[in-house]
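The values are calculated or read from the model by the stated rules, or taken from the named source; none is laboratory data. Quantities reported herein were computed from a predicted structural model and do not represent experimental measurements. Here the Cβ positions follow ideal geometry from the backbone for every residue, glycine too, while neighbour counts run over all protein chains shown. For accessibility, only protein heavy atoms count, side chains too; no ligands or nucleic acids. Shrake-Rupley method; radii C 1.70, N 1.55, O 1.52, S 1.80 Å.
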Amino acid sequence: MTRSKWLWGIPLWILAIAFLAPFAWMISTALKPDVDAYKIPMQWIPNPFQWDNFTTVLSGATSVLPAFGRSVFVAVLRVAGELITATMAGYAFARMSFKGRDKLFLLYLATAIIPAQLLLVPRFIYFQKLGLYDTLWALILPGMFTVLGTFLMRQFFISQPAEFAEAARMDGANEWRVFTRIYLPLATPVMSALGILAFVWSWNDFETPLVLISNPDRYTLPLSLTNFVDEQGQIAPGLTMAASVISIVPVLIVFVVLQRRFIAAMTHTGIK
Amino acid sequence: MATATVAAAPAVRTEKAPGIKPRGWIGFLFIAPNLLGVIAFTLIPLISVVVLAFTDWNLVSGLGGITFNGIDNFVAIARDPGFWHAIGLTLVYVVVSVPLTVVLGLALGIALDRPLPGRAVLRAIFFLPYIVNVVAIGMTWLMLMNPRAGLVNQVLDAFGIQPGWFASSHWALPALIVMAVWGGVGYCSLIYLSALQDAPRQLYEAADIDGASAWAKFRVITWPSLLPTTIFLLVTLIIGASQGFGLIALITAGGPGDSTTTISYYMYQTGFQFYRFGYASAIGLVTFVGVLVLTLLTWRAQRGRSLND
């Protein structure tokens, strides 16, 4: 058994190293002078270590820190908003009863399969009319009201017993109290899973800002990485890779610290 | 934990939720915040796509410049060689990248299900490409695939091949496919891993007693039990790949020439570079219907073939 464990382990580890190579290259290049970036053969250990790449992208005119801050701002509001609206709606779809509820839910499911790009054109026009084009609100608002989050929360609340609510109502609790005091505390694990996913989606979003943000002073982090490409399409290797490393640190922390929850959330929704 | 059931059939669980008591409008009030947002930012834009698809509208002429032109856009699409070229490229991209991702993901999922040294770390490593933002990944691969000095060609040089990757109209699409597979394999293996936890253990024991070969066990037990998951992955990956856009916008901008102008990038170009919003909406609508039909067909293929049906 142990022998077969290693027999399978070795090829998988070789494959894993090949998988990691782009990331290793990213970090190595972030610490190199530009002249060494395309050296043949590849030089894995930078010599000398060029820490300047990081100081340059963290300070001065080319700093990605403002973009980093904007990404945090967008992510915090999106996650908070999505959690609030999705838990309430998911709870009502699962545990409350009103006219047209199930038809409305089917409509929700139908909108969930609409490709995001189909909405790019009308959202562009729409946000221009609302005066939200080229503001961070164009990224935040749609992200606060998602069908997928509602669906996920409904799936959870539907598995919870109805008897809790019955008992609380007997004691005279109103609907809001039943929701906040009884069901919401039970939902914290699912909420944290949804929160993690919503954060990663928001943090990595590139297409929405590409279309809805034009002023480089309002770029979020992914878009700001393109600042290190000049008009001719020439990439400044050291700076681009240093900024890329900085952009993946938050997701990496979320992933490493909350790995179990993250993976459970991924397999639960099964949807990007 | 019913992870696999949820993952395998998200759209199927629409059975009526038992409500507690009819309470009129209170439930509606709970849904209202989310519903208003969905109406404002999803439903209204969606309806306007459908309307715009029947208009001729150049953004520059302002809202007053919208003129209805019936089905002209759809007639034009049918005759537009650019559209059909983009559809063809998208089909190649989907048909090559999706099965490759699923098959490699399955192999990796099965491998990672066995006892291995450092299994948790391995799972994390393969999953990593999936959570990193597309710009950081795109920029890295763009440099790795630099035809003159990129690391990939330094390695391939040993085998005497020197593909031009993003600089060549023959190699740009394969390069995008390599990146897509690298990015998606870990995700597939993770979904398969959770499905494998639910595989019927007793059947394996019975098969062991009968002296079944590993291949026979896979074919008769593992594969049928993984079929719903496979269909689910195929559906979500087909939808995702047919929308593949971020890497193309970032790295190739549809080129060289039009060698990577897939349908979603073609729509983006039509709308945001040529400002033909009416035509772009019509392309979006046609593509959406096409993907929907493809998705429904894939979904139906599952019928009567899975172990539990």
Between helix A:259-269 and chain A, what is the angle of the helix's C-alpha long axis to the longest principal axis, kept within 0 to 90° and rounded to the nearest 10? 60
Whenever you get a sec, compute what percent of the accessible area on segment B:153-309 sits on carbon and sulfur atoms (1.4 Å probe). 61
Using a 10 Å cut-off on Cβ to Cβ distances, tally the other chain neighbours for every residue of B:139-146 and report the average as a whole number. 6
To the nearest 100 Å², how much accessible surface do chains B and A hide from each other in total, with a 1.4 Å probe? 9200
To test your reading of the geometry: what angle, between 0 and 90 degrees and rounded to tens, separates the Cα axis of helix A:237-257 from the longest principal axis of chain A? 30
Taking the Cα centroid of segment A:41-83 and of segment B:166-223, what is the distance between the two, rounded to the nearest whole Å? 36
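Span-like helices, chain B: DSSP H, alpha-carbon axial extent 24 Å or more, mean Kyte-Doolittle 0.0 or greater, which ones? Can you show the working numbers first?
Numbers: long enough: B:81-113 (47 Å, 1.74); B:172-196 (36 Å, 1.77); B:223-242 (27 Å, 1.66); B:277-300 (34 Å, 1.61).
Span-like helices here: B:81-113, B:172-196, B:223-242, B:277-300.
Give me Rg over Rh for segment B:82-210, both radii from the alpha carbons and Rh done the Kirkwood way, two decimal places.
Details: Rg = 18.5 Å, Rh = 17.1 Å.
Looking at segment B:82-210, the ratio lands at 1.09.
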Summarise the partner chain shielding of B:280-289 as one whole number: the mean count of Cβ atoms from other chains within 10 Å of each residue's Cβ. 3
If N is the number of residues in the protein assembly as shown, what value comes out of its Cα radius of gyration divided by 2.2 N^0.38 Å? 1.01
Folded to 0 to 90 degrees: helix A:147-157 orientation relative to chain A principal axis, Cα: 50
Under a 1.4 Å probe, what is the accessible area of segment A:42-136 per residue, stated in Å²? 45
Reduction of at least 40 Å² in accessible surface, 1.4 Å probe, comparing all protein chains with the chain by itself, residues of segment B:234-260: B:Gln243, B:Phe245
Where a Cα-Cα gap under 17 Å defines reach, which aspartates and glutamates qualify for A:Lys39, not counting those fewer than 8 residues away within the same chain? B:Asp157
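Given the peptides B:110-122, A:91-103, A:165-177, B:132-144, arrange them by the average over their residues of other C-beta atoms within 10 Å, most packed first.
Working: B:110-122: 15.8, A:91-103: 19.8, A:165-177: 13.2, B:132-144: 23.2.
For the peptides B:110-122, A:91-103, A:165-177, B:132-144, the packing ranking is B:132-144, A:91-103, B:110-122, A:165-177.
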Size of the dipole of segment B:135-219 about the Cα centre, Lys and Arg at +1 and Asp and Glu at -1 on the beta carbon, nothing else charged, in debye to 20? 260
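Normalised by the empirical 2.2 N^0.38 Å for globular proteins, what value does the Cα Rg of chain B take?
On the way: Rg = 23.5 Å, N = 309, 2.2 N^0.38 = 19.4 Å.
Normalised by 2.2 N^0.38 Å, the Cα Rg of chain B equals 1.21.
Taking beta carbons within 10 Å but only from partner chains, what does the mean come to for residues A:239-252?
Details: counts 0, 6, 4, 0, 3, 8, 1, 1, 4, 6, 0, 0, 5, 3.
Neighbouring Cβ atoms belonging to other protein chains average 3 per residue here.
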